[in-house]
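Data first, discussion second: the structure below is written as structure tokens.
The values are calculated or read from the model by the stated rules, or taken from the named source; none is laboratory data. Please read these numbers as outputs of a predicted model, since none were measured by experiment. Using ideal geometry, Cβ is built from the backbone for each residue, glycine included, and neighbour counts are taken over all protein chains shown.
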Amino acid sequence: MSPTPRPAEPARLVGPGGPEGAARDVFAGVDIGGTTTQVVLCSADLSVRDRVELPTPAAEGGRAMIGTVLEGLRRLLDRAPAARLAGVGVGAAGVVDAEAGRILVASDSFTGWAGFAVTDALEEALDVPAFLDNDVNAFLRGEVARGAVAGEPYALGMTLGTGVGGALWVKGALLDGPNGAAGEIGHIPGFGDIRCSCGGRGHLETLASGRSLAARYAERTGRRTDARGVALAAQRGDADALAVLTAAGAAIARAILITAGLLDVTTAVVGGGVSRAWPLLEPAVRAALAAEPPVSGRAIRLVPALLGSDAVAVGAASRARSELGAAAVRPSP
């Protein structure tokens, strides 16, 4: 078992590089994943000033995971002596209570994470406000703030990874719903009858997630691989791999059309690990969108995510900046 990183000292409001008037406000954004934790420092305009990535001690409990976040912050603040930490945002996988700042449901990849009060632990250690979001909501916040859908008033965000996640941006704000589950497009039924990882049947995730791509390919061929292997096989012209990716692309398009029909979203941004195979998925998605356009008659703008691995952390920092108010911070020079 690896040692738990030592907690950071309380946030340094003024660095040693100069008097209080020389300090510049920064926002920290955190992406806590099952394998790695990424921490970024953002200027007031949400440009990334610095970043660090550390292994997530997912098996060691909530305190150890927050200790990793604090260690990452300590390293970044040590490298930014004139920075004033204004607030911290966190994006975490699973179901979260964004208002209470607590993890409600976590996957079995994490130990002692469900029920953990994330923002309380950070505020106690840092003495600055902290905010928590579901990681897909944070992803969309990031892409709206600095990425592929910057400035869009209506957007659907989709992440295609181990699972399929979704988030909604409506009238220039995140729509999370009364239970924090708005936009969870990966678990909408109507996509066949295959059992989903959540226990339901026929969800989008059974066709479009990374593990589902591998499973559908194995069903057709008897050969076991991962999503990357399916993509590589498709690039070589493997008919079964191409069929699996075509079915996934058509299902993604159908989910986008359902969302457009309900909420009139005009743009969809797609990210996550499976999106690295976007050149293979995109033709099927676009063909399905063209064959059955939204009832509005207006084509949906479809774009790959722009921020890459920074998206969740930048989105989390965006949440902190938004909650604290732009007027309360000093812009970077």
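Every residue, every condition in (1) more than 27 Å from residue 98 (Cβ to Cβ); (2) among the polar types (S, T, N, Q); (3) at pLDDT 95 or above, yes or no:
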| site | (1), (2), (3) |
| --- | --- |
| 250 | yes, no, yes |
| 253 | yes, no, yes |
| 280 | yes, no, no |
| 293 | yes, no, no |
| 297 | yes, no, no |
| 317 | no, no, yes |
| 324 | no, no, no |
| 331 | no, no, no |
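Could you list, in sequence order, all residues of segment 218-260 that are among the small types (Gly, Ala, Ser) and within 27 Å of residue 146 (Cα to Cα)? Across segment 218-260, the qualifying residues are 249, 253, 255, 260. Quick check, is residue 79 touching a strand residue (DSSP E or B) at 6+ places or on another chain (Cβ under 7 Å), surrounded by fewer than 16 Cβ atoms within 10 Å (Cβ to Cβ) and among the charged types (D, E, K, R)? Against the criterion (touching a strand residue (DSSP E or B) at 6+ places or on another chain (Cβ under 7 Å), surrounded by fewer than 16 Cβ atoms within 10 Å (Cβ to Cβ) and among the charged types (D, E, K, R)), residue 79 qualifies. The set of residues from segment 27-78 being under 19 Å from residue 144 (Cα atoms) and of a type in the set (Ser, Thr, Tyr) comprises 43, 47.
For residue 96, indicate whether it is outside the structural domain of residue 248 (by TED's automatic domain parsing), under 17 Å from residue 316 (Cβ atoms), modelled with pLDDT under 95 and β-branched (Val, Ile, Thr). Judged against the criteria, residue 96 is a match. Under the condition of being at positive phi and buried (at least 24 other Cβ atoms within 10 Å of the Cβ), the residues counted in segment 88-138 number 0.
Among the residues of segment 162-178, just one is of a type in the set (Gly, Ala, Ser), assigned to a loop (DSSP other than H, G, I, E, B) and crowded, with 20+ Cβ neighbours inside 10 Å, namely 163.
Among the residues making up segment 119-144, those that are under 16 Å from residue 38 (Cα atoms), under 17 Å from the mean Cα position of the chain (by Cα) and among the aliphatic types (A, V, I, L, M) are 132, 136, 138. Among the residues in segment 215-229, are any under 30 Å from residue 27 (Cβ atoms) and surrounded by 18 or more Cβ atoms within 10 Å (Cβ to Cβ)? No, the conditions are met nowhere in segment 215-229. In segment 80-91, which residues are modelled with pLDDT of 95 or more and not β-branched (Val, Ile, Thr)? 85, 86, 87, 89, 91 - these are the residues of segment 80-91 that are modelled with pLDDT of 95 or more and not β-branched (Val, Ile, Thr). Considering segment 43-158, the qualifying strands (runs of 3 or more DSSP E), each wholly inside and each with 3 or more residues that are within 26 Å of residue 185 (Cα to Cα) and of a type in the set (Gly, Ala, Ser), run over 83-92.
Scanning segment 268-293 for residues that are surrounded by fewer than 18 Cβ atoms within 10 Å (Cβ to Cβ) and in a loop (DSSP other than H, G, I, E, B) yields 292, 293. Could you tell me whether any residue of segment 256-266 is at negative phi, at pLDDT below 95 and not in a helix (DSSP H, G or I)? Yes, some residue in segment 256-266 is at negative phi, at pLDDT below 95 and not in a helix (DSSP H, G or I). Looking at segment 60-72, can you tell me whether even one residue there is of a type in the set (A, V, I, L, M, F, W, C) and closer than 16 Å to residue 138 by Cα? Checking segment 60-72: not a single residue is of a type in the set (A, V, I, L, M, F, W, C) and closer than 16 Å to residue 138 by Cα. The residues of segment 39-90 that are in contact with a Gly (Cβ under 9 Å, 6 or more places away or on another chain), under 18 Å from residue 319 (Cα atoms) and of a type in the set (A, V, I, L, M, F, W, C), listed by number, are 39, 40, 41, 42, 46, 48, 88, 90. Which one is surrounded by the fewest Cβ atoms within 10 Å (Cβ to Cβ), of the residues in segment 234-256 that are within 14 Å of residue 220 (Cα to Cα) and in contact with a Phe, Trp or Tyr (Cβ under 7 Å, 6 or more places away or on another chain)? Looking at residues that are within 14 Å of residue 220 (Cα to Cα) and in contact with a Phe, Trp or Tyr (Cβ under 7 Å, 6 or more places away or on another chain), I get 240.
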